[in-house]
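Some notes on the structure that comes next.
The values are calculated or read from the model by the stated rules, or taken from the named source; none is laboratory data. Worth saying up front: this structure is predicted, and the values here are computed from it rather than measured. Cβ coordinates were reconstructed from backbone atoms using ideal geometry, including for glycine residues, and neighbour counts include every protein chain displayed.
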Amino acid sequence: MRCGVLALQGDWAAHAAVLRRLGVETTMVRTAADLAGVDALVLPGGESTAMLRLMEPDNLAEKIAQRVRNGLPVLATCAGVIVLATATKPSQPSLALLDVEVERNAYGRQVHSRVAAVELTDELGEPGRIEGVFIRAPRITRTGPGVTVLGRLGEDPVLVRQGGIIAATFHPELTDDDRVHRLLVDEEVGHGR
């Protein structure tokens, strides 16, 4: 398995470090050629509009969308969730692949960043909570019928799955708990890539 991490902007290095600790061959994705060689992809946190702008020269956004539509497993965190969402508030371009609506920066500005306990479903095993690092995080305000909620902060879905897409509005790469990344690895292995 070779997992790509979109490395145009944002928190890509921390994701690569977690994947390497899990024994996964990791490559940085900056071009369409990089994308062609991966079996799974991480869309990290950062700034969603900046990421989308940086994808333009190589038409990377459309190439990612095409690969995901064809079954490429993806883990999106924080801004990566915004990039995949079907609808955003305030409105902005996105790849519209994940049937959720998100509100950008809904938990507050940078100074309101926090660590909070995320309640998990049984699918993620014990313990039933994970430490969620929320940094200018989006809030999922609507989930479509094909979206499964795997984790909540209070009533808010913060970890969801739709097919091969796993999306966390927090930063799992900033904790020692690797279960969210293992979901991606298991998704890729389950597809026999």
Restricting the first residue to the range 7-34 and requiring it to be in a loop (DSSP other than H, G, I, E, B), which pairs with a second residue that is acidic (Asp, Glu) meet a Cβ separation below 7 Å and a spacing of at least six or different chains? Gln9/Glu47; Gly10/Glu47; Asp11/Glu173; Leu22/Asp178; Thr31/Asp58
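For the range 140-162, give me each residue that is of a type outside the set (Val, Ile, Thr) and in contact (Cβ under 8 Å) with a residue 60 or more places away in the chain.
First pass over the range 140-162, keeping only residues of a type outside the set (Val, Ile, Thr): 142, 144-146, 150-157, 159, 161-162.
Gln162 - this is the single residue of the range 140-162 that is of a type outside the set (Val, Ile, Thr) and in contact (Cβ under 8 Å) with a residue 60 or more places away in the chain.
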Just a yes or no: is a residue in the range 121-141 in contact with a strand residue (DSSP E or B) (Cβ under 8 Å, 6 or more places away or on another chain), assigned to a helix (DSSP H, G or I) and not hydrophobic (A, V, I, L, M, F, W, C)? yes
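Considering each of Val149, Val115, Val102 in turn, give the residue that is more than 20 Å from Ala50 (Cβ to Cβ), at pLDDT 95 or above and either out of contact with any Leu (no Cβ under 7 Å at 6 or more places or on another chain) or part of a loop (DSSP other than H, G, I, E, B) (or both). Walk me through how you get there before you give the answer.
On the way: Val115 fails: at pLDDT 95 or above; Val102 fails: more than 20 Å from Ala50 (Cβ to Cβ).
Of the residues listed, the single one that is more than 20 Å from Ala50 (Cβ to Cβ), at pLDDT 95 or above and either out of contact with any Leu (no Cβ under 7 Å at 6 or more places or on another chain) or part of a loop (DSSP other than H, G, I, E, B) (or both) is Val149.
Does Ala137 satisfy being in contact with a Ser or Thr (Cβ under 7 Å, 6 or more places away or on another chain), buried (at least 19 other Cβ atoms within 10 Å of the Cβ) and modelled with pLDDT under 95?
Numbers: in contact with a Ser or Thr (Cβ under 7 Å, 6 or more places away or on another chain): yes; buried (at least 19 other Cβ atoms within 10 Å of the Cβ): yes; modelled with pLDDT under 95: yes.
Yes, satisfied.
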Sort out which residues of the range 49-76 are of a type in the set (Val, Ile, Thr) and over 17 Å from Gln92 (Cβ atoms), and write them in order of number. Val68, Val74
Boolean, Gly163 is at positive phi, of a type in the set (Gly, Ala, Ser) and at pLDDT below 95: no
Has the range 73-86 got any residue that is part of a loop (DSSP other than H, G, I, E, B) and surrounded by fewer than 19 Cβ atoms within 10 Å (Cβ to Cβ)? no
